[in-house]
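Chemist: Quick one: this structure, given as structure tokens, is what I'll be asking you about.
The values are calculated or read from the model by the stated rules, or taken from the named source; none is laboratory data. Keep in mind the model is a prediction, meaning the values are calculated, not measured. Quick reminder, even Gly has a Cβ in these numbers, built from the backbone with ideal geometry, and neighbours come from all protein chains shown. The accessibility values were calculated without ligands, DNA or RNA, using every heavy atom of the protein model including side chains. Shrake-Rupley method; radii C 1.70, N 1.55, O 1.52, S 1.80 Å.
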Amino acid sequence: MIEQYVDAAELRRLLSALLVVVGVILLACLFAVIVVPGLRNANRPAAAPAVPVVGGETGWLDPAEYPPARGYDVPPVRPEEVLSATPALLARGRALFEQNCRSCHGPEGRGDGPAAQGLAPPPRDFASPQGWKNGPGIPEIYRTLEKGIPGSSMGAYDYLPAKDRMALVHYVQSLGSFSHGDVPEALEAFGRQFATAGERVPNKIPVTLAAARLREEFRPPEPLRAEGPGAEILREEAWDLARVALALQGAQTWRKSPAALAEHVLPSVPENGFRPRVAACSAEEWTILHAALLAAVDRDEKGGGEGGKRS
Amino acid sequence: MTGGERMVTAETAAEPGGKAFAVLGLFETAEDILAAAQGLRDKGLGRLEAYTPYPVHGLDAALGHRRSPLAGMVLVMGFIGAVSAFLFQMWATGIDYPIVVGGKAPMAWQAFIPILFEVMVLFATFTAGLGMLLLMNRLPFYGHPILSSASIGKITRDRFALSLEAYGGAFDAREARAALEEAGATEVEILPAPEPSGPWSANYLLKGFFAVGAACLVAGYATYWAVKLFPVLPPMVHMEDQPKLDPQEPSALFRDGRGMQSPPSGTVARGFLPYSPAAPEEAAGLANPLPRTEPVLDRGQKAYRTHCAVCHGVLGDGVPTLTASYGAKPANLQARAIRELSDGKIYDAIVRGKNAMPSYAPHLSVEDRWSVVHYVRVLQRAQNATDEDLERGGRP
């Protein structure tokens, strides 16, 4: 039947042409399946190590929108459980140390952590008996954790529960092999505070609700109505009297003197309502302004708290 | 033909082994060629072709022309086009990069039909056009020998020509001449084979087509191995690798290698004054000049989540993503000591930086900074809510 259309030679020609077309299609397939995906993944940087999820409530798209939770009381710590270093306390303390202290105080507590470089004074070397500001005893380290050390980079860790703080204390002591000078009587007195005080875990509400509550509680102050020559200066030097009122009523330091007023106003120009050129005011103008503002703020405070109309 | 070979002429073409294109015989009338064609066809000396000044009825049948295989070619290629389009779509959207379009499963064949149809028609039309020109008519064919024959003038006027053309196997020009003369041809002419038509012949085009495909394959594999073995030119890594300036990311654009740049020291933006408190204590008395309104808190949230949350955590509890990666210990903004700080001191910490935290003054505008201070208060309130807050529950 096929002889009606082509003879043998013609058929060979056609079949070889077909072979070429099919061959090209197959080559394209091979190219697409092997080369293109291979190129796409060649030199692809290795995936970054997975970061374990920390913080936030799991299962919530926005970690700030957790359900409200009522606070509860944590029963007081039994002093005999925490006054001496037990293996369980030391293990807990080590874990807390890794999380909270290691970045500055270093893995061995030698004060050589990666974040210690920029700190002045440098972090404490727990292995050395010298230079402890609050002292190396259990009550002293506990107090340092609770209050921090003012004037240094050591912050307060008051948000850790008392038992965790005691675990840290014991672990910190275990890092230095010198006598920490704890006296049993003093420890007993120190332990008494655990016997009396429980701890309260506060209520939690979602962040949007907290924002709504703070907005509700906010009462915008009356725009300042200064009089006399002070009013003229104020009109020249301020662009938003409502902000001026906010910046002044939230603080007291500026009341002392015209110089204190300048010190209060200048760092947050212009968002506090003053124009930058207020910096060029003479001492005389500051005095007039100070008096006018004092009078205006006092009059508003006496005038009552209802939020009136704003300019 | 290579230069070493001698030119083919009518004389040499007639010799055994000479390259003749065809032997042309002229006849006086249409009846003559109709009668001659039948006899010549049966002898099978070559492909029989007729050249006449006008169409002669019955000549097609007498020449015994086959039916055109073009329809079958179109059918086969249309089928190949349909199958390859279908397989390609299946591979591309179902295997290599599975993607859901319009809620359909990755291999929903119904969605492939329009493209399947289009590619089928594409293959079929290309086969019909190119196959007719290249394969059937053997074009391009520059200068058909019949046009330069001595008889062309008569053929276009009042003579009818039959030619026995070399085709396929061996062609004996003398035998063909004898057969034509026997069939009653008045004049017989041997047409030498034309010069090969060079790179544009159908044969060359097909080979070129194949060569381009093979070259693509070789180039593809070469690029693949070159990129793999000599990674000087990394390929585009999807969209994750975009050359742009990111905060908190290194950048090769600046000499210090940081994406976040501080303004030149000693400069002050227009409309602002330099930050004057010399120590955090001097800033303690500063009051937040922004009202606690929704736009301000929203602005604070945006700035906090952009710049602060990476370290201080989305909730301000100092448990951020960076802790796991770098072992950093940023401040817990929920600590009592920080809850009791004045707004001014928090503002000062943003402007001046604190401990390992750098100054964020270049990256946060003054309005942003005070908004962030408000937002920190919101976060602190969220984690230390009053009983009344709790009773308000989900009803803000």
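Chemist: Calculate the mean, over all residues of peptide A:17-27, of how many other protein chain Cβ atoms lie within 10 angstrom of the residue's Cβ.
Modeler: 6
Chemist: Same structure, new question: Where Lys and Arg each count +1 and Asp and Glu each count -1, what net charge lies around B:LEU48 among other residues with Cβ under 11 Å from its Cβ?
Modeler: Cβ neighbours under 11 Å give a net charge of 0.
Chemist: What is chain A by shape, rounded, prolate or oblate, if you read a ≥ b ≥ c off the alpha carbon gyration tensor as root eigenvalues and call it rounded for a/c under 1.5, prolate for a/b larger than b/c, and oblate otherwise?
Modeler: Note, shape of chain A comes out oblate.
Chemist: Quick query: amide H of B:ALA20 versus all other amide H atoms, modeled in the peptide plane; which residues come in under 5 Å with a sequence gap of 5 or more or a different chain?
Modeler: B:ALA193
Chemist: What's the buried accessible area, both sides, between A and B using a 1.4 Å probe, rounded to 100 Å²?
Modeler: Counting both chains, the buried surface is close to 7800 Å².
Chemist: Tell me what chain B gives for mean residue ellipticity at 222 nm when only DSSP H runs of n ≥ 4 count, each as -39,500 (n - 2.57), the sum divided by the residue total, rounded to 500 deg cm²/dmol.
Modeler: Helix-only estimate at 222 nm: -12500 deg cm²/dmol.
Chemist: GNM, chain A, Cα, under 10 Å: largest mean-square fluctuation among A:ARG219, A:ARG94, A:ARG12?
Modeler: Of A:ARG219, A:ARG94, A:ARG12, the Gaussian network model singles out A:ARG12 as fluctuating most.
Chemist: For a quick protection proxy, order the peptides A:1-9, B:60-68 by their average other-Cβ count within 10 Å, most packed first.
Modeler: Result, highest mean first: B:60-68, A:1-9.
Chemist: Starting with the highest mean, order A:285-297, A:78-90, B:91-103 by the number of other Cβ atoms within 10 Å, averaged over the residues of each peptide.
Modeler: Going from most to least packed, we get A:285-297, A:78-90, B:91-103.
Chemist: Rounded to the nearest percent, how much of the accessible area of chain B (1.4 Å probe, protein heavy atoms only) is carbon and sulfur?
Modeler: Accessible surface attributable to carbon and sulfur in chain B totals 62 percent.
Chemist: Can you tell me the length gained on complete extension of the stretch B:GLN242 to B:THR186, counting 0.36 nm per residue apart and subtracting the Cα distance?
Modeler: My answer for the length gained is 11.9 nm.
Chemist: Something else about it: Does a label point 7 Å from the Cα of B:ARG258, set along Cα-to-beta-carbon, have any residues of the stretch B:345-359 with amide nitrogen under 19 Å, and which are they?
Modeler: Flagged as within label range: B:348-359.
Chemist: While we're on this one: Given the peptides A:107-114, B:311-318, B:104-111, B:143-150, arrange them by the average over their residues of other C-beta atoms within 10 Å, most packed first.
Modeler: B:311-318, A:107-114, B:143-150, B:104-111
Chemist: List the DSSP H helices in chain A whose Cα atoms stretch 20 Å or more along the helix axis and whose mean Kyte-Doolittle hydropathy is at least -0.5.
Modeler: Going by DSSP H runs, the hits are A:8-30, A:283-303.
Chemist: At 7 Å along the Cα-to-beta-carbon direction for both A:ARG225 and B:VAL121, put a label point, then send me their distance in nm to one decimal.
Modeler: 8.1
Chemist: Here's something else I'd like to know. Which of these, A:ALA283, A:ALA28, A:ALA260, has the largest mean-square fluctuation under a Gaussian network model of chain A (Cα springs below 10 Å)?
Modeler: Among A:ALA283, A:ALA28, A:ALA260, the largest GNM mean-square fluctuation belongs to A:ALA28.
Chemist: Which whole-Hz couplings ³J(HN,Hα) result when phi for each residue of the stretch B:176-191 is put into the Karplus expression 6.51 cos²θ - 1.76 cosθ + 1.60, θ = phi - 60°, listed in order with x for Gly and Pro?
Modeler: For the stretch B:176-191, the Karplus-derived couplings read 5, 4, 4, 5, 5, 5, 5, 6, x, 6, 7, 10, 10, 9, 9, 9 Hz, x marking Gly and Pro.
Chemist: Here's another thing I want to ask about it. For B:GLU187, which sequence-distant residues (separation of 5 or more, or a different chain) have an amide H within less than 5 Å of its own amide H, given hydrogens modelled in the peptide plane?
Modeler: HN-HN under 5 Å from B:GLU187: B:LEU26.
Chemist: Can you give the average number of partner chain beta-carbon atoms within 10 Å of each beta-carbon in peptide B:330-341, as a whole number?
Modeler: What the average comes to for B:330-341 is 4.
Chemist: Also, I was wondering about something else. Mind checking the mean number of beta-carbon atoms from other chains within 10 Å of the Cβ atoms in A:2-10?
Modeler: Per residue, the average neighbour count from other chains is 4.
Chemist: Take chain A, connect every pair of alpha-carbon atoms lying under 10 Å apart with a spring to form a Gaussian network, then pick out the residue of A:ARG13, A:ARG243, A:ARG255 with the largest mean-square fluctuation.
Modeler: Looking only at A:ARG13, A:ARG243, A:ARG255, the biggest GNM fluctuation is shown by A:ARG13.
Chemist: Express the accessible area of chain A per residue in Å², computed with a 1.4 Å probe while the remaining protein chains stay in the model.
Modeler: In whole numbers, chain A has 54 Å² accessible per residue.
Chemist: At 7 Å along the Cα-to-beta-carbon direction for both A:ALA195 and A:LEU18, put a label point, then send me their distance in nm to one decimal.
Modeler: In this crude spin-label approximation the distance works out to 10.2 nm.
Chemist: I'd like the Karplus ³J(HN,Hα) series for the stretch A:103-120: coefficients 6.51, -1.76, 1.60, θ = phi - 60°, whole numbers in Hz, and an x wherever there's a Gly or Pro.
Modeler: 4, 9, 7, x, x, 9, x, 8, x, 10, x, x, 7, 6, 4, x, 9, 9
Chemist: In nm, give the distance between the simple-model label positions of B:SER68 and B:ALA219, each being 7 Å from the Cα along the Cα-to-Cβ direction.
Modeler: Each label point lies 7 Å from its Cα, and together they span 3.5 nm.
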